[in-house]
Amino acid sequence: MESGLGLWGVPLAMLAGAIRVSTPFIFVSVGECLTERSGRINLGLEGTLIMGAMSAYAIALLSGSPWLGVLVAAAVGVALGALHAGICQLPRVNDVATGIGLMLFGTGLAFFLGKPYIQPKAPNLGAIDFGWWSSVPQVHQALQVNYLFIVGIVSAFALAWALKNTRWGLIVRLAGESVDAALAIGVPVGRVRLIATAIGGAFAGVGGAFLSLYYPGSWNEGLSSGQGLMAVALVIFARWEPVRCLWASLLFGAAGAISPALQSVGITQGYYLFSAAPYVLTLALMIATCSPERALRGAPGELGAVR
Amino acid sequence: MTAPSLVSAPSLELISFSKRFGALAALDDVSVKIAAGAFHALLGENGAGKSTLVKCAMGYYAADEGEILLNGRQVTIDHPRQAHELGLGMVYQHFTLVPNMTVLENFVLSREHLPAVIDWTVERQRLKDFFATTPFIVPLDTPVADLAAGQKQKAEILRQLYLKRGLLILDEPTSVLTPDEADEVLSTLKQMTRDKLLTIVVITHKFREVNAFCDTVTILRRGKLVGTRRVAELDNDSMAEMMVGSRETRASVEREQRAPGKAVLQVEKLSVADTVGQLAVEDLSLEIRAGEIVGVAGVSGNGQRELVETLAGQRHAEAGAMKVHGEPYTATRREMVRHKIACLPEEPLRNACVAEMSVAENMALRSFDQPPASPDGVRLRRAPMRDAARRLIEAYRVKTPGPDAPIRALSGGNVQRAVLARELSSEGDLLIVANPCFGLDFAAVAEIRARIVQARNRGAAVLLVSEDLDEILQLSDRIVVMFDGRLALETPAAAADVGAIGRAMAGH
C-alpha cells in the first residue's frame, strides 16, 4: 500500500501517537499533580497504573463492558491511594519510601492476579472518528481520538480551575503550602491529603485502564514500562500546574511516538535508540530544571519536607 | 465609608498565669492588665517569658494556672480558634502568610465560611473596599513571596484587621523593618488605638519603640512580673534596670586605634543568583583591609545571605571575581586553609555544623584532615580531636555536657560559641560573620562581640553582616548598606549618620 504522504507521514504519525501514548501520562500526571499540591508525593502510581490496567482488563473481560472496567480501575486506584495516604499519616513515615513500597506491591499484585488474563481478548474502549472527512487512511487513522483522551483534557482544565476558584481547591493548596497555616485556620491536613491522594490514585487507575483497554489494548506484564514513574517526573517539569501537565504529557507522547512513526515510513535504523526518546527527555528535563542552589518556583511548600 | 469593618477595642486582663516546661518555670504568677484602646508593651530579655505569656493567652499553650478576663468577663481559651472568635489576633515575628499564594488568596482563605466556588470579582471588590478604610495597602495580586519584608508585615497586620480582630498581639513586629517602615506601621496602629478601634500588645526589646508609641509597659524577668508602669513615668535607665536586674554588664573590649593595613578581601562586580534564580547580589564591589571591621547593614533579604554564602563557598557567583591577598579566590577548602579564612554564618547549627555529630567532631571540621587529628590525611585520631575540643570549650566557655555530646543538644548561644571557637582558633586573616548575636542573651552578645573586636585588633579583616543596626554601629570601622543586592551607602563609622543609613536601608 503506497501512502502517498512520504515524509509527511512522520509528523502525522507522531500526532496520532501523541494522542494515544500521552493519554496515560495525562491521567497519571494530573492525578499526581493534585496529590502533590496537597503536600504529598505518591511514587506508588506506577503500581496503581498496573493494578488499574489489570483490573480494568479483567473486569472488561468478565463483564463484557470496558467502561465498567474503567470504573473498577478507578476504584482500585482510590483504594491504593487511600492506602498510601493512610500509611503516610502514621508517625515518622517517609512518603517516598512508602511510595516505592506500594509501587512494588501494586506491580507484584497485578502480575499475580493478572496471570489468567494474559491470553484472552477483552473488548476495547471506543474512539471518536474525527477523520471522517478525509480519504487518506493515515489521516483517518490519526484522527481516531479515544474518549479517555478527551476526558483527560477536560479534567486537566477542570482541576486547574478548581484549584484556583473553589474552596476545596484553596484548601488543598493550603495543606500543600503550609501545615502551620492550615492548622491555624482549622483545616484537617491529614484528611485533605487522604482525599487528594485517593483521587490522584483514581486518575492513575483510569490511566492504567487506558493501557489495557485501548492502546496497546491488551494485558501483559510489560505493559507500563515505567510510565507511572515518568508521569511523576512530568509533574515537576510542569511545575505543579495541571494544564502544563497536559502539554508536557503531549510532548512526551510525541517523543514516544517518534520511533514507530519513523518505522512506518520505512526508517528502521536506530529503532531502539528512538524508543528511548521519552526516557532521555525525562533525564534531560530533570537535569535542566533542577539545581542544588535554586528552589523550584511553584513547588508546594510542604512537599518533600521530611519529618 | 467610615471604617465599617473595624470593631471596637476590648480590654484584656491576664490573672496569675503560671506555666512550667518540665523543671523550668517559664511563667510564675504573672498578671497583666491591658486597658481598652491601650498600646501596651511587653518588655524583657530572651527567655523572660513574654512569648510564653501571649501564647498562653492565645491558646497555643495550656497554662498551668491563670484566668483571662476579656472586657471584664471571664473567658476560656483552650485553642487559637477560640481566641480568634473572641477577636484576639496575633502577628508573629516570622511570616504566616502562604508564600506561594497571592495576597488576595491569602486573605480570602483565612476568612471563615468560604463559599464552595469563589467569585474572585466579588472578593477583590470587597478587599478593595476594605483597603479604602485602612491606613496602608498592599498589592493584591502579587504572590506573598515576592513582597518585601515590610510589605509582608503590613499584609500580616492588615489580615488581622480584615478578620475583625479587635486586639492584636505583635511579636517583635519591627525586627524585619527599616526604622522608617517601623515608624509608619506603628504610628498608624497608634492612631487606631487612639480612635479606640484597636487594643495593641507589642512584644519588643527596643526602648525607642516603647518610648515613642506605647502608653503602658509590662516588664518581665525570668518568668516573673517585675512591674507594669506608664511609659511616661520611666526613663531608659530605669527600664533597663527593671529588664536586666542589677547585673554587671561586661565592658566591651577596647578597640585599638590602628590604621587599616593591606587589602585582604576584594570583591569585584560580584553577581549572585538566589534560590529562585533571580539576581540577589548585583555588581557588588567591596574591599576589606587588615585590621578593620566592615559592617554590612540592611534589612534582611537584600542579598546579604547570598553574599555570605558565596564567600563561604555555598553558592556560586554568576559574574564577577573575588580576591584574597590579591589572589583569585573561589571559596574552595584548599584556598580557605591557605588564606586562613574563618566564617561564622547565620544559623550556624544549619550552615556551619553537622547537627548529629559531636561537639568535638564539629570543632574539628576545619582541621580533621591535618595533623594532629590525622597523621597522614587518611586515618583519624580521636584523642587529639577531643583534646583540642576540650581546650576550645574551656577557652570559649561553651556550655556542653562534654566534647562527645551531639552539637544539636546545645543551646543557640553555645552552638554560636562553639563555631566561633573553631573559626577563630586558626587565627584567621579574614573573618566573615553574619548576624552573630541573633537570639542570644545580653552576656553572650557582649562576649561574642568582644571576640570579634579582638580578632580585628590582632589584625584580621572582618566582614560583619548584621540586621541589627546597633551592632553594626558599635563594632564597625566602616559601614556599607546593602539594598536590593547593591551597595547603597558607604561611610566611615566615625562619621556615620544614622538617618542616612536608615534611608539607604529603605532604598531612598
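The values are calculated or read from the model by the stated rules, or taken from the named source; none is laboratory data. Here the structure is a predicted model, which is why all the values come from computation and not from measurement. Because the Cβ atoms are built from the backbone with ideal geometry, glycine has one as well, and the counts that use them run over all protein chains shown. Surface areas here come from the heavy atoms of the whole protein model, side chains and all, with no ligands, DNA or RNA. Shrake-Rupley method; radii C 1.70, N 1.55, O 1.52, S 1.80 Å.
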* Structure fact -> Across segment B:364-405, the tally of residues that are open to solvent by 50 Å² or more (accessible area, probe 1.4 Å) and touching a strand residue (DSSP E or B) at 6+ places or on another chain (Cβ under 7 Å) stands at 1
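Does segment B:44-67 include one or more residues that are more than 18 Å from residue B:167 (Cα to Cα), without any contact (Cβ under 8 Å) to a residue 12 or more places away in the chain, open to solvent by less than 40 Å² (accessible area, probe 1.4 Å) and of a type outside the set (D, E, K, R)? Step through it out loud before you land on a result.
Within segment B:44-67, the subset more than 18 Å from residue B:167 (Cα to Cα) is B:44-49, B:61-66.
If we keep only those that are without any contact (Cβ under 8 Å) to a residue 12 or more places away in the chain as well, we get none.
No: zero hits.
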* To do: Identify the residue in segment B:97-125 that is over 22 Å from residue B:84 (Cα atoms) and more than 8 Å from chain A (Cβ to nearest Cβ) and, among all such residues, is nearest to the chain's Cα centre (by Cα).
  => B:102
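For residues in segment B:150-197 being among the aliphatic types (A, V, I, L, M) and not in a helix (DSSP H, G or I), which is farthest from residue B:43 (Cα to Cα)? Please lay out each step first, then the result.
Of segment B:150-197, the ones among the aliphatic types (A, V, I, L, M) are B:155, B:157-158, B:161, B:163, B:167-170, B:176-177, B:182, B:185-186, B:189, B:192, B:197.
Now drop any that are not not in a helix (DSSP H, G or I), which leaves B:163, B:167-170, B:176-177, B:197.
Working: B:163: 27, B:167: 18, B:168: 16, B:169: 13, B:170: 12, B:176: 18, B:177: 19, B:197: 24 Å.
Ranking the candidates gives B:163 first.
Please verify whether residue B:332 is open to solvent by less than 20 Å² (accessible area, probe 1.4 Å), in contact (Cβ under 8 Å) with a residue 12 or more places away in the chain and not small (Gly, Ala, Ser), treating the condition exactly as stated.
Numbers: open to solvent by less than 20 Å² (accessible area, probe 1.4 Å): no; in contact (Cβ under 8 Å) with a residue 12 or more places away in the chain: yes; not small (Gly, Ala, Ser): yes.
When the stated conditions are applied, residue B:332 does not pass them.
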* Candidates B:278, B:266, B:314, filtered to the one that is within 30 Å of residue B:365 (Cα to Cα), open to solvent by 20 Å² or more (accessible area, probe 1.4 Å) and within 14 Å of chain A (Cβ to nearest Cβ) -> B:314
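Output the number of residues of segment B:126-138 satisfying the condition of being in contact (Cβ under 8 Å) with a residue 40 or more places away in the chain and either of a type in the set (Phe, Trp, Tyr) or within 14 Å of another protein chain (Cβ to nearest Cβ) (or both). Walk me through how you get there before you give the answer.
Our first condition is that a residue be in contact (Cβ under 8 Å) with a residue 40 or more places away in the chain; within segment B:126-138, this holds for B:129-130, B:132-133, B:135-136.
Keeping just the survivors that are either of a type in the set (Phe, Trp, Tyr) or within 14 Å of another protein chain (Cβ to nearest Cβ) (or both) gives B:130, B:136.
Number of matching residues: 2.
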* What number of residues within segment A:272-304 satisfy the criterion of being modelled with pLDDT of 80 or more, of a type outside the set (D, E, K, R) and assigned to a loop (DSSP other than H, G, I, E, B)? -> 5
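Conditions tested, residue by residue: (1) more than 16 Å from the chain's Cα centre (by Cα); (2) hydrophobic (A, V, I, L, M, F, W, C); (3) farther than 25 Å from residue B:283 by Cβ; (4) modelled with pLDDT under 85.
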site: B:438; (1), (2), (3), (4): no, yes, yes, yes
site: B:447; (1), (2), (3), (4): yes, no, yes, yes
site: B:457; (1), (2), (3), (4): yes, no, yes, no
site: B:472; (1), (2), (3), (4): no, yes, no, no
site: B:487; (1), (2), (3), (4): yes, yes, no, no
* To do: Hey, could you check segment B:21-43 for residues that are farther than 24 Å from residue B:444 by Cβ and touching a Lys or Arg at 6+ places or on another chain (Cβ under 8 Å) and say which is surrounded by the fewest Cβ atoms within 10 Å (Cβ to Cβ)?
  => B:29
* To do: Report yes if some residue within segment B:354-361 is assigned by TED's automatic domain parsing to the domain that holds residue B:448 and touching a Ser or Thr at 6+ places or on another chain (Cβ under 6 Å); otherwise report no.
  => yes
* Asked: Hey, among the residues in segment B:160-202 that are of a type in the set (S, T, N, Q) and over 17 Å from residue B:50 (Cα atoms), which one's modelled with the lowest pLDDT?
  -> B:178
* Structure fact -> Those residues of segment A:161-216 which are within 14 Å of chain B (Cβ to nearest Cβ), among the β-branched types (Val, Ile, Thr) and either more than 13 Å from residue B:109 (Cβ to Cβ) or open to solvent by less than 40 Å² (accessible area, probe 1.4 Å) (or both) amount to A:166, A:172, A:179, A:187, A:189, A:192
* Residues that are small (Gly, Ala, Ser) and open to solvent by 80 Å² or more (accessible area, probe 1.4 Å), drawn from segment A:102-157 -> A:135
